[in-house]
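Reading through the structure tokens given below for one structure.
The values are calculated or read from the model by the stated rules, or taken from the named source; none is laboratory data. Quantities reported herein were computed from a predicted structural model and do not represent experimental measurements. Don't worry about glycine lacking a Cβ; one is built from the backbone with ideal geometry, like all the others, and counts go over all protein chains shown.
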Amino acid sequence: MQTTLCPVCSSDVIIEEGSSEKDLVSCLNCSTELEIVTLHPLLLEPLAESAEEKIDE
Ligand SMILES: [Zn+2]
């Protein structure tokens, strides 16, 4: 098991063993869904597609 920094909130995100590129992980701190872009080096990118911006009204 390894950890890397959340690109959104900079807390540790746990990467399960056996994870591969394009897998999704969730940040436990900010609940953002993150996609594993590359494993070497470990690089995460937030999935911004889904309603992250709340539409008020
Ligand atoms: Zn986070």
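Given the options L47, L34, L42, name the one that is at pLDDT 95 or above, in contact with a strand residue (DSSP E or B) (Cβ under 7 Å, 6 or more places away or on another chain) and of a type in the set (A, V, I, L, M, F, W, C). Give the derivation first.
Values: L47 fails: at pLDDT 95 or above; L42 fails: at pLDDT 95 or above.
Only one candidate passes the filter, namely L34.
Quick check on region 22-41: of everything there that is away from the ligand (no atom under 14 Å from the Cβ) and assigned to a loop (DSSP other than H, G, I, E, B), which residue is nearest to T4 (Cα to Cα)? Even if it seems obvious, please write down each step before you answer.
Step one: of region 22-41, the residues away from the ligand (no atom under 14 Å from the Cβ) are 22-23, 36-41.
If we keep only those that are assigned to a loop (DSSP other than H, G, I, E, B) too, we end up with 22-23, 40-41.
Details: K22: 15, D23: 14, H40: 12, P41: 10 Å.
Of everything passing the filter in region 22-41, P41 is nearest to T4 (Cα to Cα).
With the requirement that a residue be outside any strand (DSSP E or B), surrounded by 12 or more Cβ atoms within 10 Å (Cβ to Cβ) and more than 15 Å from the ligand (Cβ to nearest atom), what does region 1-21 give you?
S19
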